[in-house]
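*Asks:* Right, I'll just put the structure down here and ask away after.
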Amino acid sequence: MNETLPPKTCSIDRLVTKEAEVSKVLAGQKTACRRNGRYADIGETMDLQGTTFQVTKVYQQSLGELTVEDAKAEGHESVEEYRDSILAMHPGMPWLPQMKVWVHEFQKV
């Protein structure tokens, strides 16, 4: 899977910013972050409270393709819990199965 990715729309330091999300990453409960734009390149690193994480995968996925495993990688127990969390952060945002998001998977270095 060596496809060329489009230019980033934001910087990696904006990938995980909310305190609750940072805590989940540091605790190993969150290993992926979905965004409507591309925030990182594969191999890029981010620093969270002195701990470095490296992006291992970047790809697109539609919301309708989300699995329980995807929700757990986001730090949630179910797709519904993940959806409710996203909609609470983005009031008025529709949750459309065909809507594409960028998935950023990462691991502790």
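*Asks:* Which members of segment 65-86 meet the condition of being hydrophobic (A, V, I, L, M, F, W, C) and modelled with pLDDT of 95 or more?
*Replies:* Result: Leu66, Val68, Ala71, Ala73, Val79.
*Asks:* Moving on to the next point. So which residues in segment 85-109 are assigned to a helix (DSSP H, G or I) and surrounded by 13 or more Cβ atoms within 10 Å (Cβ to Cβ), if there are any at all?
*Replies:* Scanning segment 85-109 gives Ser85, Ile86, Leu87.
*Asks:* Find the residue count for segment 1-33, including only residues that are in contact with an Asp or Glu (Cβ under 9 Å, 6 or more places away or on another chain), in contact (Cβ under 8 Å) with a residue 60 or more places away in the chain and open to solvent by 20 Å² or more (accessible area, probe 1.4 Å).
*Replies:* Here the count works out to 1.
*Asks:* Now for a different question. Pull out all pairs, ordered by first then second residue, where Cβ-Cβ is under 6 Å, the residues are six or more apart or on different chains, the first lies in segment 71-100 and is touching a residue at least 12 places away in the same chain (Cβ under 8 Å) and within 21 Å of Thr17 (Cβ to Cβ), and the second is open to solvent by 50 Å² or more (accessible area, probe 1.4 Å) and part of a loop (DSSP other than H, G, I, E, B).
*Replies:* Ala73/Thr31; Gly75/Gln29; Arg83/Trp95
*Asks:* Report yes if Arg38 is of a type in the set (Lys, Arg), under 18 Å from Lys108 (Cα atoms), touching a residue at least 12 places away in the same chain (Cβ under 8 Å) and surrounded by 12 or more Cβ atoms within 10 Å (Cβ to Cβ), otherwise no.
*Replies:* No, not satisfied.
*Asks:* Do you know which residues across segment 21-43 are more than 20 Å from Trp95 (Cβ to Cβ) and out of contact with any helix residue (DSSP H, G or I) (no Cβ under 6 Å at 6 or more places or on another chain)?
*Replies:* Val22, Ser23, Lys24, Val25, Leu26, Ala27, Gly28, Gln29, Arg38, Asp41, Ile42, Gly43
The values are calculated or read from the model by the stated rules, or taken from the named source; none is laboratory data. Remember, predicted model here, so these are calculated numbers, not experimental data. Please note: Cβ atoms are built from the backbone with ideal geometry, for glycine as well, and neighbour counts cover all protein chains shown. Quick note on the areas: whole protein, heavy atoms, side chains included, nothing else; ligands and nucleic acids left out. Shrake-Rupley method; radii C 1.70, N 1.55, O 1.52, S 1.80 Å.
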